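First comes the structure, then the notes that go with it.
The values are calculated or read from the model by the stated rules, or taken from the named source; none is laboratory data. Keep in mind that this is a model prediction, so the values were computed, not measured. Note that we place each Cβ from the backbone using ideal geometry, even for glycine, and neighbour counts take in every protein chain shown. Surface accessibility is based on the protein's heavy atoms, side chains included, excluding ligands, DNA and RNA. Shrake-Rupley method; radii C 1.70, N 1.55, O 1.52, S 1.80 Å.
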Amino acid sequence: MDLSTLLFGRRLANREHEDKKIGWIAAVPAMGLDGLGSSSYGPEAALTVLIPLGALGLGYIGPVIGCIVGLLAILYFSYRQTLAAYPTNGGAYVVAKENLGEYPSLLAAAALMIDYVLNVAVGVSAGVGALVSAIPDLHPYILPLCLGIVLLVTLANLRGTGEAGWLFALPTYVFVICFLGAIGYGLVGIGLGERPAAIVEPPPLGPTAEGATLWLLMHAFASGCTAMTGVEAVSNGMGSFRQPVMRNAYLTLTIIVVILGLLLGGIATLATAFEIGAMDQTKEGYQSVLSQLLAAVAGHGAFYYIAMTSLLSVLCLSANTSFVGFPRLCQMVAADGYLPKAFAQPGRRLVFTDGILFLSGVAGLLLLVFGGITDNLIPLFAIGAFLTFTISQAGMTVHWRRRSTHHRAKLVMNGLGAVSTAAALIIILVAKFAEGAWITLMAVPMAILVLKSVKSYYASLQRELRKPGPITIEDIEPPTVLVVTETWNRLSERAIKFALTISPDVVAVHFIRLGGPDREEGENGLREEWRVDVEEPIAARGLKPPRLMLIPAPYRQLHEPLLRLIEKLDADSPERRVAVLIPETVKDRWWQKLLHMNRAGRLRTKLVRLGGPRLTVATVPWRLYREEQTA
């Protein structure tokens, strides 16, 4: 078993594609980790904004999270309709392309791509933040831990969506059980008494530095909305579901949204009851909100460490949602010609390898730039998601409007979704603009410009290679074939024999790099060898012998004198094309490549790039060690 098989699994055939699709049990961790994991950093981001209010801020976290949960409910019912209308793929890109046109679809694609990248960076950094909360000695290693986790998730997804889903299933369901259990236990305690005593008291909240303002509450709402960024993952990942597709999609979406809503509401309630506030992640002694909540409810026993381990796993692996959605989005965009075609080509495990590698590379770069600190990344986050929500819901509104009046209720539902998410988007943009949202706003049009440029290139290429009409056979005279010959050997023999099957006019070209007496001796020896071993045997068969042409190459650049010869041949016989055959040894082992100079490869590259439109370049291979075995 080689290393690639060990890391990525065996290569899959196209017929196995259906076997790699997943049901709802595997889809919840594969597509829901983003949404479920965001329940930790969404409320914490809102509480971070409310820090200046001290204990007074806890009175506002409930209403802020309540608005977010209400918006989440609207999105849930809206996306159920999207899944029904687009059962094969209901992502914002497809919906916008069919209902709103090219530029809205590109806007949706660019926004969603950026959000997917940010989701990887934010999820992983938040997961490492949870780890540092439990093990403070790891604080100096935040960035290396972030990059290592990105590498782990990348390797898991290169093995395939199904394997990734099942790999992440255990920590996902342990997380859900632990935190819903802890929240339920805490809520029971609240129900039995006015204010339960915390087993471990959270750090005291700071003094009130300012009063609550509409701007501050809008800012808290905008930061808290990062908890909703994974809602569209199911609609983007419809191609991953096995039959029955709709049942699996509905169940997956419902489970993710219900659990997320319960977590958000429960965290806000317990944070208020136990007076839990946000802390500065960059400082020693940092404790995440969920770490404080677990300690207050259950203490620092075994349950705490099991729950925090599951939280760490879910947050770090929440990037998996992006690794499911981003490559599929890139595949659709590439199929329409807006991204390089490599993004649409499945890899060895029937996943879109280029999309996975691009996502991990850009996310890793973001983590490097921002030091792996969640608070530094949060201002950039959620804008792309809510822009995507708005475009998707607007597209669905147009979709139902074009249908009969029987769909009026659906039109109203998606219209409400569009208006609600647009209002939230405006609030997020205004509140976060100065903190870094302007970076995302600049990145979106830049991404659209790149997409349009790629499309323009493919369109110009298609115009240039357009169908030529009926074939013309007036210009099919055999070409002059130039065979690059280093010395007379079996490789040169194969090239000459192949050249004679193409054209009777064959010229062997030998480059002279020697000087003085050595040059003359070498020329005479080669000419005599050529006469005896090539010209006379071929002439005896009644064929025209190939000519031997010696060309000086004083500067050791082979392509320049060869191109001059080709230009002369074109001028002397403009009606005939020129073909160049380059003999080359095929190196199977890495050490063989080190022992050869690759002159043939460099010459081929130069001729292809600098040669005229009438020049054809071909390689005549000699496979080391294998040729004699088959002889």
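Tabulated values for the structure
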{"read-out": "In nm, spacing of pseudo-spin labels at Asn489 and Val450 (7 Å Cα→C-beta vector)", "value": "4.5"}
{"read-out": "Area accessible to solvent at Met31, 1.4 Å probe radius, in Å²", "value": "0"}
{"read-out": "Note, ³J(HN,Hα) from phi for the range 56-66, Karplus 6.51, -1.76, 1.60, rounded to Hz, x at Gly and Pro", "value": "4, x, 5, x, 9, 5, x, x, 4, 5, x"}
{"read-out": "Accessible surface, the chain, averaged per residue in Å² (probe 1.4 Å)", "value": "46"}
{"read-out": "Extended-chain gain in nm, criterion 0.36 nm per residue less alpha-carbon gap, Met442 and Arg408", "value": "8.5 nm"}
{"read-out": "Residues Trp590 and Leu138, FRET efficiency given R0 of 41 Å [Cβ-Cβ distance, rounded to 0.05]", "value": "0.60"}
{"read-out": "All-pairs Cα distance distribution in the range 79-123, expressed in whole percent, bin size 5 Å", "value": "5, 23, 21, 20, 19, 9, 2"}
{"read-out": "Principal-axis tilt of helix 302-317 within the chain, Cα atoms, nearest 10 degrees", "value": "40"}
{"read-out": "Nonlocal amide H pairs with Trp622, under 5 Å, H built at 1.01 Å", "value": "Glu584, Thr585, Val586"}
{"read-out": "Dimensionless Rg over Rh [the range 392-484; C-alpha; Kirkwood]", "value": "1.37"}
{"read-out": "Neighbour count of at most 15 Cβ within 10 Å plus DSSP loop: longest GluC sites (Glu not before Pro)-free window in the chain", "value": "1-193"}
{"read-out": "0 to 90° range, to nearest 10: angle between helix 559-572 axis and the chain longest Cα axis", "value": "60"}
{"read-out": "Count of Lys pairs (Cα-Cα under 24 Å; at least 8 positions apart or interchain) in the range 541-620", "value": "4"}
{"read-out": "Descending semi-axes in whole angstrom, ellipsoid equivalent of the range 170-319, from the Cα gyration tensor", "value": "30, 20, 15"}
{"read-out": "Length released on extending from Ala540 to Leu416, taking residue separation times 0.36 nm less the Cα-Cα span", "value": "35.7 nm"}
{"read-out": "Cα-Cα P(r), the chain, percent of pairs per 10 Å interval", "value": "3, 14, 21, 18, 12, 10, 9, 7, 4, 1, 0, 0"}
{"read-out": "Mean separation of Cα contacts under 8 Å, 6 or more apart, over the residue count of the range 277-358: relative contact order %", "value": "17"}
{"read-out": "Cα long-axis angle, helix 289-298 against the chain (0 to 90 degrees, to the nearest 10)", "value": "50"}
{"read-out": "Rounded to the nearest 10 Å², the accessible area of Trp438 at probe 1.4 Å", "value": "110"}
{"read-out": "Accessible surface of the chain, 1.4 Å probe, proportion on carbon and sulfur as whole %", "value": "63"}
{"read-out": "5 angstrom amide H check on Val580, placed H, neighbours 5+ away", "value": "Leu482, Thr616, Val617, Ala618"}
{"read-out": "Convex hull of the range 559-631 built on C-alpha atoms - directionally averaged projected area, nm²", "value": "6.3"}
{"read-out": "Accessible-area value, Lys452, 1.4 Å probe, nucleic acids and ligands omitted, Å²", "value": "60"}
{"read-out": "Positive-end residue, the range 537-631 charge dipole about Cα centroid, Cβ charges, pick of Ala579, Thr605, Pro554", "value": "Thr605"}
{"read-out": "Test item: Cα-centred dipole of the chain, Lys/Arg +1 and Asp/Glu -1 on Cβ, debye", "value": "1680"}
{"read-out": "Chain lengthening between Ala571 and Ile473 when straightened (0.36 nm per residue, less Cα-Cα)", "value": "33.1 nm"}
{"read-out": "As computed over the range 431-507, the Cα convex hull volume per residue (Å³)", "value": "191"}
{"read-out": "Principal axes of the range 258-391: Cα extent on each, largest first, Å", "value": "54, 30, 28"}
{"read-out": "Where labels lie 7 Å past Cα in the beta-carbon direction, separation of Leu155 and Asn524 in nm", "value": "6.5"}
{"read-out": "Sites Lys283 and Tyr250 - FRET efficiency at Förster radius 45 Å, r taken between beta-carbons, to 0.05", "value": "0.50"}
{"read-out": "Taking the convex hull of Cα positions in the range 69-175, its mean projected area over all directions (nm²)", "value": "9.4"}
{"read-out": "Computed FRET value (nearest 0.05) for Leu624 with Thr88, which takes r as the C-beta separation and R₀ as 35 Å", "value": "0.10"}
{"read-out": "Alpha-carbon gyration tensor eigenvalues x 5, square-rooted, for the range 23-123, Å", "value": "31, 17, 15"}
{"read-out": "In nm, spacing of pseudo-spin labels at Ile512 and Ile177 (7 Å Cα→C-beta vector)", "value": "8.5"}
{"read-out": "Hydrodynamic radius by Kirkwood, which averages 1/r over all alpha carbon pairs of the range 280-338, in angstrom", "value": "14.3"}
